[in-house]
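The values are calculated or read from the model by the stated rules, or taken from the named source; none is laboratory data. All values derive from a computational prediction rather than experimental measurement. Please note: Cβ atoms are built from the backbone with ideal geometry, for glycine as well, and neighbour counts cover all protein chains shown.
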């Protein structure tokens, strides 16, 4: 179905491996860090993730995680390669 | 099942590749930008997405994202090829 | 399982191609327009859709969309071939 | 698994074809009408459906639909062959 | 995986055919009646169902249904063979 | 994927057959009793279940069920072999 | 799809076997303990789990569970190998 010039979502994720990434969950929790893995269900592994909550356009750092973290695909709303700019 | 004159949803998305698109999520977040990829689960990749919230019929620009973003299919309610007219 | 006289839901949708249709989502958003496509997950494509909200039995036109729109099957509650009568 | 005397849900629906039916959705919307089709996902087609809301045990007629309507299986809670008695 | 002495849920349901049953939905609606059918998705058919709401430990009879009713598996939380004792 | 020393969730459930078990649902309802069956969807059968609600750390016994009960897997959050200690 | 340097989520979980783990559910319940098993649906088995609720950045210990516990994959939001640092 996808024309040759089209890009598959999993390809975009694949190209983000070892790169900064910004992930937003259904609960509005946000995470930035380095994407180091994923699977076909868009479960992802983030390294040294920082957890944020956005209150009235202000990014509040909730926690700095050391090491790896799995975020479950069925809760992910948005995944932005390159990370979050205004932090 | 679909008669020859009928159009498959994924065909419509396919024809929107590299075109403006307007996407509304279950949480009422809205995004406009260029559609550059998708898959069979209607996960989509949008380039240079603008994020909007509609308050009392007013489009409020929440954020301008540079580069690519993945929006997860299980949260998408509406996808409008051609983008949002009144912004 | 279905007896010969029975009608499959996708057949009803198929017969509504290029016809008026009225669609209600889980969020109570309503759309009328021309049905021009669908797939097995009841994702549908509507042309020139009008968006409505029903307040105290009054149909309020929210927006007129030009062109095609995809509505995602997992949010659709009701699909009425022939469109909405009292608008 | 099912003993010979047991009845499969889809058989019960099948036997309700062209019969009155009463359907209740997760949103508590209720519909009565003639069941004319269904599929394995319990998507159903109802003819000349009447829409009801029950307020303090009173059935309030919301709308009378002419013609066919599809009700999506993933929102259906209850399906009662024979229709609703006290309307 | 299941040891020989173990019982499969569908077996328990199968043994409840033509027996009293008590079913509780996610919306806290409760039904008692005779189980006459089911399928692998735990969609069930109940005969002459009584509908209950429990308020402050009091069982309030909401409605007596005559004939058969389908309850959709994805809303069922609990199914108790033998019915509800304290009604 | 699982290394030999690892334990599969269904194995843990299998080893709990005919043992006390404590189950917590998404609605925060809790059940203790004897686990006598399960399937691959983590639908479980509990014998002589006691139903609890926890209010301000106090376990309140809601109901004692006699005989078997099916709890549907898609609502189960936690399953604790050995039952609940502080009741 | 995944490049050789990429890590699959289930591999990360697999490497956490017999290690401390921190798990957060959709209901915001948190658990720390030793991960001793999992399956492809990210159902997990935790040994000697401690249950926490986070109130205004304070970790409140809700309960100490002895032995094994199954946490159902469809409720898990986050899984952090190595456990929770600030407890």
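Some points to look at:
- Residues satisfying the stated conditions in the stretch G:64-73, i.e. at the interface with another protein chain (Cβ under 7 Å from one of its Cβ atoms) and either closer than 18 Å to residue A:72 by Cβ or touching a residue at least 24 places away in the same chain (Cβ under 8 Å) (or both): G:65, G:68, G:69, G:70, G:71, G:72
- Only residues that are touching a helix residue (DSSP H, G or I) at 6+ places or on another chain (Cβ under 8 Å), in a strand (DSSP E or B) and within 8 Å of chain B (Cβ to nearest Cβ) were counted across the stretch C:29-39, and they come to 2.
- Residue satisfying condition, being within 23 Å of residue B:24 (Cα to Cα) and in a strand (DSSP E or B), within set A:77, A:46, A:42: A:77
- Inclusion of residue C:48 among residues that are modelled with pLDDT of 95 or more and more than 7 Å from chain B (Cβ to nearest Cβ) is warranted.
- Filtered residues of the stretch A:65-87 (kept if over 15 Å from the mean Cα position of the chain (by Cα) and farther than 25 Å from residue G:38 by Cβ): A:86
- Candidate set: the stretch D:13-28, residues that are part of a loop (DSSP other than H, G, I, E, B) and buried (at least 19 other Cβ atoms within 10 Å of the Cβ); chosen: the one nearest to the other protein chains (Cβ to nearest Cβ): D:17
- Qualifying residue in the stretch E:4-12 (condition: surrounded by fewer than 16 Cβ atoms within 10 Å (Cβ to Cβ), more than 10 Å from the chain's Cα centre (by Cα), farther than 16 Å from residue F:67 by Cα and within 14 Å of chain D (Cβ to nearest Cβ)): no
- The number of residues in the stretch A:63-74 being assigned to a strand (DSSP E or B), buried (at least 21 other Cβ atoms within 10 Å of the Cβ) and out of contact with any helix residue (DSSP H, G or I) (no Cβ under 7 Å at 6 or more places or on another chain) comes to 2.
- Flag for residue D:60 being over 18 Å from residue C:21 (Cβ atoms), in a helix (DSSP H, G or I) and over 13 Å from the mean Cα position of the chain (by Cα): no
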